[in-house]
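Down below is the structure, laid out as structure tokens.
All of the numbers you see were taken from the coordinates with simple rules; none came from a lab. Worth saying up front: this structure is predicted, and the values here are computed from it rather than measured. Here the Cβ is made from the backbone with ideal geometry for all residues, glycine too, and neighbour counts use every protein chain on show.
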Amino acid sequence: MVALVSEPFWQQGDLIAMSNGMPDVPRLRLPHPVAGSGTAAMIALAAKLTPRIIAVLRGEQPADNEPVGAPST
Amino acid sequence: MSTLTAVDEADALEQLHRLGCTDGLPVVIPTPERVARCVLATGADPTTSLGVMGPLSALTTIERVATNAVMAGCDPDHMPIVVATLRALLRPEYDLSEAQSTTHSTAPLIVVSGPLASACGIAGGFGALGPGHRANATIGRAVRLCLINIGGARPGASDMALLGQPGKFTMCITENSAESPWEPCSVAAGFDPFESVVTVIGVEGPHSVVFVDDADDPDSALRLLRVLARAIANPGSNNAFMRTGSVAVAINPDHAAVLARAGLGRADVQRELHRLATNLRGDLRELNPAFAGSGDAGDELHALPSPDHVLVLVAGGGGLYSTVFPSWSAGAHLNPILHERIEADQACEVPASG
């Protein structure tokens with residue numbers, strides 16, 4: 001699994017990963033905004049990102065995130 | 001639960017602000033004695049959990065709820081209402097983790113019905129949603145502080161509402177039963193009139209709807225319904241584009257009288273508002289093509305899935321203005337209206353504080 005998280009939501013991504021018991025889930029950082037950026041920009045972003053997603057899934061590259069702490073319940 | 005130490009209450013308040021445990025306003029310091037009184041008012045063990053609250057996935061224990069209720073300024077008598085509201089919000093149908101995390105401004109509108117509403121002094125008349133009513137202000141605030149401190153909803157970090165809205169501080173009312181031509185909304189939902197019930201729906205901020213009655217006009221009630229329906233289907237709302245979710249409509253007693261004069265009951269009003277709250281697909285497509293879907297430009301699209309998705313309330317003072325609360329319309333369960341019985345029979349009488 002790889003989670004795609006746009007820049008303003010990075011901290012939220014950490015919290016969600018932590019609170020769902022998956023602090024180490026790989027996360028890749030996206031620019032913001034993606035929605036509404038236009039077809040060409042989205043295709044370019046996908047072309048740039050897809051090899052990284054595959055490499056992270058294969059364990060050949062690290063994701064962008066550091067592990068975060070366990071939740072406090 | 002961790003305990004803070006402070007040299008005095010002013011120091012404690014500064015610590016709570018610094019730790020992000022407040023809503024930005026001063027709070028009552030939750031000393032062990034004050035918290036114990038609110039726990040006692042529930043009749044429950046302090047470790048009893050109402051459920052896991054997201055997005056932080058933390059246990060919603062009675063002691064934690066009581067701590068936040070004290071901070072909000074609640075009287076112990078308010079505790080059963082705060083607890084019932086949280087039970088409603090923690091039901092899977094509310095999709096609380098998603099509602100706390102969304103970029104939309106959704107916040108829980110809390111409507112209290114039945115004997116406890118008047119016993120606790122919850123206002124339903126003039127300015128009920130505004131300042132000046134302790135029970136309204138503090139019950140809603142207690143819920144919000146729980147969402148912040150238990151659920152972990154902090155702006156820009158986990159609560160991603162782009163702008164937020166004032167209803168995220170507090171949004172609690174009762175109906176103006178004394179001036180309503182209809183049964184309470186809880187009775188319409190199947191509860192006994194003598195039961196106290198909390199009704200919860202996630203909503204945007206209130207939208208004012210002006211309407212002037214004309215008793216000589218036989219179509220006056222229809223005009224009122226049409227203007228309310230326009231506000232429901234306003235093409236800036238999620239309801240208009242997603243065509244899901246629910247809305248709350250707080251009809252002021254004068255406007256309710258117009259509808260009652262035309263022979264309409266609460267269910268009739270729900271049916272008519274659903275029928276009239278529409279947009280043409282072509283109009284939506286011009287504004288937000290991504291949400292308009294495929295189909296004919298002349299398709300008439302309902303903003304709501306059914307009449308049951310309209311929460312009709314009679315609230316406020318009598319006059320020209322009623323209020324529509326559009327909604328987020330998202331989450332796995334699509335923003336439903338939820339009712340929860342208030343369990344007051346286990347509550348204990350709390351002795352006066354020393």
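Overview of results
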read-out	value
Crossing angle, helix B:9-18 versus chain B [Cα axis fit, 0-90 degrees, rounded to tens]	50 degrees
Cβ-based charge dipole, segment B:124-194, positive-most Cα from B:193, B:178, B:129	B:129
Total charge dipole magnitude, segment B:37-129, about the Cα centre, Cβ charges on Lys, Arg, Asp, Glu only, Debye to nearest 20	60 debye
Pair residue B:91, residue B:341: separation of 7 Å Cα→Cβ label points (nm)	1.3 nm
Rounded, prolate or oblate (a/c below 1.5 giving rounded, otherwise prolate when a/b exceeds b/c) for the protein assembly as shown by Cα gyration tensor	oblate
Electrostatic dipole magnitude of segment B:206-327 [Cβ: Lys, Arg +1; Asp, Glu -1; Cα centre; debye, to 20]	340 debye
Local electrostatic count at residue B:146 - Lys and Arg +1, Asp and Glu -1, tallied over other residues with Cβ under 14 Å	+3
Residue of B:270, B:100, B:15 that the Gaussian network model of chain B assigns the largest fluctuation, springs spanning Cα pairs under 10 Å	B:15
Cβ-derived FRET efficiency at R0 22 Å, residue B:189 paired with residue B:119, nearest 0.05	0.60
Cut-off 14 Å between beta-carbons: net charge of the residues surrounding residue B:184, Lys and Arg +1, Asp and Glu -1	-3
Which of B:204, B:63 has the fewest Cβ neighbours within 10 Å, and the rest in rising order	B:63, B:204
Among B:159, B:217, B:95, residue whose mean-square fluctuation peaks in a GNM of chain B (springs only between Cα atoms under 10 Å)	B:217
Selected from A:41, A:55, A:63 as most flexible by GNM, with chain A as the system and alpha-carbon contacts under 10 Å	A:41
Average other protein chain Cβ within 10 Å of Cβ, residues A:12-21	5
Segment B:206-327, relative contact order in percent, only Cα pairs under 8 angstrom and at least six apart counted	44 percent
Net charge over other residues, Cβ less than 13 angstrom from the Cβ of residue B:172 (K, R count +1; D, E count -1)	+3
Cα shape, segment B:160-312, gyration tensor, a/c 1.5 rule	oblate
